[in-house]
Structure formats: C-alpha cells, structure tokens
1. If Lys47 satisfies every condition in (1) among the basic types (Lys, Arg); (2) in contact with a strand residue (DSSP E or B) (Cβ under 8 Å, 6 or more places away or on another chain); (3) farther than 16 Å from Arg7 by Cβ; (4) touching a residue at least 60 places away in the same chain (Cβ under 8 Å) but one, which is the exception?
2. State which residue is farthest from Ala46 (Cα to Cα) when the search covers only segment 119-147 and only residues that are free of Cβ contacts under 8 Å to residues at least 60 places away in the same chain and in a loop (DSSP other than H, G, I, E, B).
3. Without any contact (Cβ under 8 Å) to a residue 24 or more places away in the chain and over 11 Å from the mean Cα position of the chain (by Cα), is that true of Asn95?
4. Is there a residue in segment 36-44 that is within 16 Å of Val122 (Cβ to Cβ) and in contact (Cβ under 8 Å) with a residue 60 or more places away in the chain?
5. If the requirement is being on the phi > 0 side of the Ramachandran plot and of a type outside the set (Lys, Arg), which of these qualifies: Asp41, Asp130, Asp84, Asp60?
6. Just to be sure I understand, how many residues within segment 72-110 are among the small types (Gly, Ala, Ser) and under 14 Å from Leu45 (Cβ atoms)?
7. Kindly evaluate Asn89 against the criterion of being of a type in the set (S, T, N, Q), surrounded by fewer than 21 Cβ atoms within 10 Å (Cβ to Cβ) and without any contact (Cβ under 8 Å) to a residue 12 or more places away in the chain.
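Every number here is computed from the coordinates shown, using simple stated rules; none is lab data. Predicted, not measured: the structure shown is a model, and the values here were computed from it. Positions of Cβ are backbone-derived with ideal geometry, glycine not excepted, and every protein chain shown enters the neighbour counts.
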Amino acid sequence: MRAVIQRVKYASVTIDGTVKGKIGQGFLILFGAGQGDTREDAQLLAKKTAGMRIFCDDNDKMNMALSDIDGSVLVISQFTLYADCRRGNRPSFTNAAPPAEANELYEYFVSLLRNEYGIANVQTGVFGADMKVELLNDGPVTILLDSDELKKSRHDR
C-alpha cells in the first residue's frame, strides 16, 4: 500500500464541476492499494500518517503533527501509484489491487483516520471517478509511504 502525503495550505477535489471535498491546512493524501495489501497495511499507514510530524513549530522545525495544528485531510484514491514503467512507454497497472478490494481498503484507511486517530475533518474524492485535484503544496513537503517498506523497518529492529 502506498500513500503520497503532501503538506498543504489547502486542497480540493472536483468531480463533474462540483467540489466534492475541500480542506484548509493539512495533508493531501494520494492513496493506492496494491496486489496482496491487507487491512494490516492500512492500519500501518494510517498510524504513521496520523503521527507524522511535518508541520513547523514556533522555531520553524518540523515537529508538529496534524493533531497539534488541528489539521484536515483530503484522501484521493489513486491506483496509478502502482504504475510499472520498467518496459516501454505505457505504464502497466497489474500491480494495483482489483477495484473492489482497493475501494474496501481505501474506505478502511479513511475510517481509521476519522475514528481511530480522531482527525475531525477527513474529506475524500470518489473512488474510480475522474477527479480534478487542486492544492497549494506547503514547503513543498511531500512524503512517500510504502507499507512494505514500513514492515521491513519494523522487522529490522
């Protein structure tokens, strides 16, 4: 499972000309589920995301989490995070989870952020829709999380 986390001043998602989700300061998360990903992967990513300290404190040091700044989250499903570009010029997406499975993991990830980690304002796009995403990246700060890499680091300790 992969998540691209962008620290933003604001972000929104529009579908068919209508704004579906809109946040102020917080995270825009592009979320992708891969073949074999499980709820455990979603739990791992949600915990890491909620605790990530990438907002600046009074000393301009990245030391604050979403909860410290009362930040919001906009989560967008994005199977293209599993693009395989090793051969040719047209990406393959065979490593992405099947749509029904990916949607279930996406919804579970969102519910964890809301219910387990108490993020009050979690907005979403619509799974599988043609979405237009607008954001003002703050920093810019962009972090890539991969559940396989996070699991390896836990086992290396």
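1. Here Lys47 meets the rest and fails (2).
2. Residue satisfying both the conditions and the ranking: Gly128.
3. no
4. Yes - at least one qualifying residue is present in segment 36-44.
5. Of the residues listed, the single one that is on the phi > 0 side of the Ramachandran plot and of a type outside the set (Lys, Arg) is Asp60.
6. So the answer is 3.
7. Against the criterion (of a type in the set (S, T, N, Q), surrounded by fewer than 21 Cβ atoms within 10 Å (Cβ to Cβ) and without any contact (Cβ under 8 Å) to a residue 12 or more places away in the chain), Asn89 qualifies.
Residue by residue, here is whether (1) surrounded by fewer than 23 Cβ atoms within 10 Å (Cβ to Cβ); (2) farther than 19 Å from Thr142 by Cα holds:
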position: Thr18; (1), (2): yes, yes
position: Leu30; (1), (2): yes, no
position: Gly36; (1), (2): yes, yes
position: Glu40; (1), (2): yes, yes
position: Gln43; (1), (2): yes, yes
position: Thr49; (1), (2): no, no
position: Met62; (1), (2): yes, no
position: Phe79; (1), (2): yes, no
